[in-house]
Amino acid sequence: MTQTENKAVAYDVQQGVATLTMQSAPVNALSRALRVGLIDGIEQAINDESVKAIVVTSALPIFSGGADISEFAGGDLSPNLPEVLEKIENASKPVVAVLPGPAFGGGLEVALACHHRITFADNKVGLPEVNLGILPGAGGTQRLPRLADAQTALTMIVTGKPTSVLKLPGVFDKISDKPEHLLEDTKAYLASLGGATAIKRTCDISLTMSDETQAVFDAVVAQTKKASKGFFAPLKCIEAVRGAYTLAFEDGLKNEGKLFMECMNTPQARAQQHFFFAERAAGHVSDFDKSTPERAIEKVAIIGAGTMGGGIAMNFANAGIPVTMLELKEEALQKGLALIRKNYENSAKKGKLTQEQVESRMALLSGTTTYDDLSDVDLVIEAVFEKMEVKKTVFSTLDRVCKPGAILASNTSTLDIDEIATSTSRPQDVIGLHFFSPANVMRLLEVVKAEKTSPEVIKTCMKMAKRIKKVAVLVGVCFGFVGNRMIEPYGREANRLLLEGASPEQVDKVLTDFGMPMGPFTMGDMAGLDIGYYVRQSRQEHIAHDPAYGAVADRLVEMDRNGLKTGRGTYNYEPGSRVPIPDPEVLDIAKKEAQRLGVEQRSDISDDEILVRVMFSLINEGACILEEGIAAKSSDIDVIYVYGYGFPVFRGGPMQYADEVGLQTILDKLTTYRDQLGDYGKMWLEPSDLLVKLAQEGGSFKHYKK
């Protein structure tokens, strides 16, 4: 028996089997240390005459999460992963990968290079590189097609989604019923190996492009072009896999490497990798540390059983946390609970939940019409009408009935949390939890810290967000916080362009071509134009100096054109349809409003002007937010916009997009339109001080620290 300890890979020989155990927490990322450990272990086993077979496995509940992408920035990459896999595949003794948990990316590529693979039935594996704007770069596009059929290999590589091992019988030689049987089954499998036939090199399998396989490729290409508009890597993934069928293995690997580098050197890859780190960095805040205590959240109350309140409640029920919903009228309460049941029943019909799960989640939900029933909750979230007096009345009542230490949260999307907190005797326990609609679907949660919110309340809410499967971003108090404050100039410029002569469909097309899921006018119709109208009415002191502000939208609401829900908004809608139909009457309304307000209409509004004025205004507001410290870092703004507003991840978020375009370019174009548009330009398109400063210094939002 021989044992060799390595920090990343342990080496152990027993009864003629050398076991290389990866042990690099938390996910066995394939760092240089781990790659060296694997290559050294393989060489040691090959040179040991007592060793008859080699096992590569993991001491963690995951086989490997894949490449250490922090190494993408440079450093010593030798030996690189392809070299390690070549050493494994060409080993003169059988190498068996034993997966006690998931294998992703480079981790799965390691397993594919082994001669045999063993795992258990509930396990999943995947090649998610496409989500980082790249493709598998260590032979994954060449080895997976040799073990799985073309459709399966293409789907896994092009979508990056995890796949059940039960759907990969050609990949795995043995699949245990349960994880606890893995060791016993591995011993039996190793005992069955014998002779040279035990070395089954994946690279020796030959593939040809049959008519049937070509048809699969054609279908996947057509589907990918439609589903992955704006992304670079998906079609390159298909090109790489095609090489497995049309090139010799070594040439296929070279082709994969060439395509990998093509992907790496794109703005999409930079954006997607930026976002990967941004999402993880959002949870790292300076407002608390490891020593900060955390409060237990075992029982929650929601004030308001409407669409938003019900959606919020579902998040907690889904996580197994009991929820009490409060409405002052029994009828409203029952209506809210019935809507939640309907949502769960719809999920069950789609096969996403079992009926048993529906009932167990509904059992966690209870209702009340009296505040006194909330005396023992740990967290209460208010989701009532967006009016300050209403909110303050609710919080004053909660202050009276809730136990000491209960967290009092508001789901307000725009109102001042500091002012809300003044209606309580415990401002340290007050916080904003801004869920996005529909709250049971959208992953973003803006956690809004007020001036007196305690560190332990902030920490508790950030940790709680993970528990209910939300991506939490900590922000400060201002009108609209980060997301809705930035969407205001975005919508303002879109509406102003309509007044100046652009059509709603032109503006919307520019933004959807950019990658937004819908344009600003379609978005307004879907949300309800009356919502924006009420916000403008409540903010008259901030916008009264511009009599043309939102003028066309105001007229539409006054004509009861509130959007999809009334069948008419900026667009018209057929009954039961969400497809917007352009309405010439809206252009007439815009023309009359322009004449009334003395705004000159133009027929030469370009797509570039629309993109600059709408998108660059949003970015400029983001710069103000960053400078004021409302957001701690630019990547937090990016996370909010990707998860809350559908900003295209292939652009990385608005601030990453600005950095990619260049801040001097952003500044120059904004300044151009500011100067061209006279008084209006001076009023609304003034570049922020931070944008000017960073552009002059050749800096970026990414590296800015307040």
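When G243, G252, G309 are checked against the criterion of being of a type outside the set (A, V, I, L, M), touching a helix residue (DSSP H, G or I) at 6+ places or on another chain (Cβ under 8 Å), outside the structural domain of P82 (by TED's automatic domain parsing) and not in a loop (DSSP other than H, G, I, E, B), G309 stands alone in meeting it. Listed by first and then second residue, the pairs linking a residue in the stretch 281-300 that is within 18 Å of I630 (Cβ to Cβ) to a residue that is surrounded by fewer than 16 Cβ atoms within 10 Å (Cβ to Cβ) and not β-branched (V, I, T), with Cβ atoms under 7 Å apart and 6 or more places separating them unless they lie on different chains, form an empty list. Evaluating D604 against the criteria (1) in contact (Cβ under 8 Å) with a residue 12 or more places away in the chain; (2) more than 21 Å from D525 (Cα to Cα); (3) not aromatic (F, W, Y) leaves one unmet condition, (1).
Of the residues that sit in the stretch 534-548 and are within 19 Å of L497 (Cβ to Cβ) and not aliphatic (A, V, I, L, M), which one is farthest from the chain's Cα centre (by Cα)?
Restricting attention to the stretch 534-548, the residues satisfying the condition of being within 19 Å of L497 (Cβ to Cβ) are 536, 543, 546-548.
With the extra rule that they be not aliphatic (A, V, I, L, M), the set shrinks to 536, 546-547.
Values: R536: 30, D546: 37, P547: 39 Å.
Here the answer is P547.
For G644, the requirement of being in a helix (DSSP H, G or I), crowded, with 21+ Cβ neighbours inside 10 Å and out of contact with any Pro (no Cβ under 9 Å at 6 or more places or on another chain) is met. The number of residues in the stretch 255-291 being more than 18 Å from K702 (Cβ to Cβ), assigned to a helix (DSSP H, G or I) and polar (S, T, N, Q) comes to 1. Are there any pairs, at least 6 apart or on different chains, whose C-beta atoms fall under 7 Å, with the first in the stretch 366-384 and free of Cβ contacts under 8 Å to residues at least 40 places away in the same chain and the second in a helix (DSSP H, G or I) and not hydroxyl-bearing (S, T, Y), and if so, which? Hits for this filter: D372/V401; S375/V401. Among the residues of the stretch 507-528, those that are more than 20 Å from S603 (Cβ to Cβ) and among the aliphatic types (A, V, I, L, M) comprise L511, M516, M518, M523, M526, A527. Listed conditions (1) under 22 Å from S437 (Cβ atoms); (2) free of Cβ contacts under 8 Å to residues at least 12 places away in the same chain; (3) not small (G, A, S) are all met by D525, apart from (2).
For the stretch 203-229, enumerate the residues that are in a loop (DSSP other than H, G, I, E, B) and surrounded by fewer than 13 Cβ atoms within 10 Å (Cβ to Cβ). Once the filter is applied, which keeps residues that are in a loop (DSSP other than H, G, I, E, B) and surrounded by fewer than 13 Cβ atoms within 10 Å (Cβ to Cβ), the stretch 203-229 yields S206, T208, S210.
Here Q142 meets each of (1) touching a strand residue (DSSP E or B) at 6+ places or on another chain (Cβ under 7 Å); (2) in a helix (DSSP H, G or I) with one exception, condition (1). Has the stretch 117-134 got any residue that is in a helix (DSSP H, G or I), charged (D, E, K, R), assigned by TED's automatic domain parsing to the domain that holds T19 and within 30 Å of K226 (Cβ to Cβ)? Yes, that holds for at least one residue. Can we say V507 is outside the structural domain of K592 (by TED's automatic domain parsing) and in contact with a helix residue (DSSP H, G or I) (Cβ under 6 Å, 6 or more places away or on another chain)? Criteria not met by V507. For E294, the stated conditions do not hold, so it cannot be described as within 26 Å of C461 (Cα to Cα), crowded, with 18+ Cβ neighbours inside 10 Å and of a type in the set (D, E).
For the stretch 314-347, residues that are assigned to a strand (DSSP E or B) and not polar (S, T, N, Q) total 3. How many residues are charged (D, E, K, R) and surrounded by 18 or more Cβ atoms within 10 Å (Cβ to Cβ) if we restrict to the stretch 139-172? Within the stretch 139-172, residues that are charged (D, E, K, R) and surrounded by 18 or more Cβ atoms within 10 Å (Cβ to Cβ) number 2.
Is it fair to say I205 is over 26 Å from N131 (Cα atoms), assigned by TED's automatic domain parsing to the domain that holds A113 and out of contact with any helix residue (DSSP H, G or I) (no Cβ under 8 Å at 6 or more places or on another chain)? No. Filtering the stretch 91-126 to residues that are among the basic types (K, R) and either farther than 21 Å from E184 by Cβ or out of contact with any helix residue (DSSP H, G or I) (no Cβ under 6 Å at 6 or more places or on another chain) (or both) leaves K93, K124.
If you check E386, E330, E345 for being surrounded by fewer than 22 Cβ atoms within 10 Å (Cβ to Cβ) and out of contact with any helix residue (DSSP H, G or I) (no Cβ under 9 Å at 6 or more places or on another chain), only one passes: E330. Scanning the stretch 407-434 for residues that are outside any loop (DSSP other than H, G, I, E, B), touching a Ser or Thr at 6+ places or on another chain (Cβ under 9 Å) and in contact (Cβ under 8 Å) with a residue 40 or more places away in the chain turns up I407, I417, G432, L433, H434.
Can V110 be described as assigned by TED's automatic domain parsing to the domain that holds G194 and not in a helix (DSSP H, G or I)?
Values: assigned by TED's automatic domain parsing to the domain that holds G194: yes; not in a helix (DSSP H, G or I): no.
It is false that V110 is assigned by TED's automatic domain parsing to the domain that holds G194 and not in a helix (DSSP H, G or I).
Any chance the stretch 348-369 includes a residue that's modelled with pLDDT under 95, crowded, with 16+ Cβ neighbours inside 10 Å, part of a loop (DSSP other than H, G, I, E, B) and more than 26 Å from the chain's Cα centre (by Cα)? No, because not a single residue in the stretch 348-369 is modelled with pLDDT under 95, crowded, with 16+ Cβ neighbours inside 10 Å, part of a loop (DSSP other than H, G, I, E, B) and more than 26 Å from the chain's Cα centre (by Cα). Screening L235 on (1) touching a Lys or Arg at 6+ places or on another chain (Cβ under 8 Å); (2) surrounded by fewer than 21 Cβ atoms within 10 Å (Cβ to Cβ); (3) closer than 21 Å to K470 by Cα shows it passes everything except condition (3).
The numbered conditions (1) in contact with a Gly (Cβ under 9 Å, 6 or more places away or on another chain); (2) within 24 Å of Q428 (Cβ to Cβ); (3) β-branched (V, I, T) are all true for I340 except (2).
The values are calculated or read from the model by the stated rules, or taken from the named source; none is laboratory data. A quick note: this is a predicted structure, and the numbers were derived from the prediction, not measured. Note: ideal-geometry Cβ built from the backbone for every residue, glycine included; neighbour counts use all protein chains shown.
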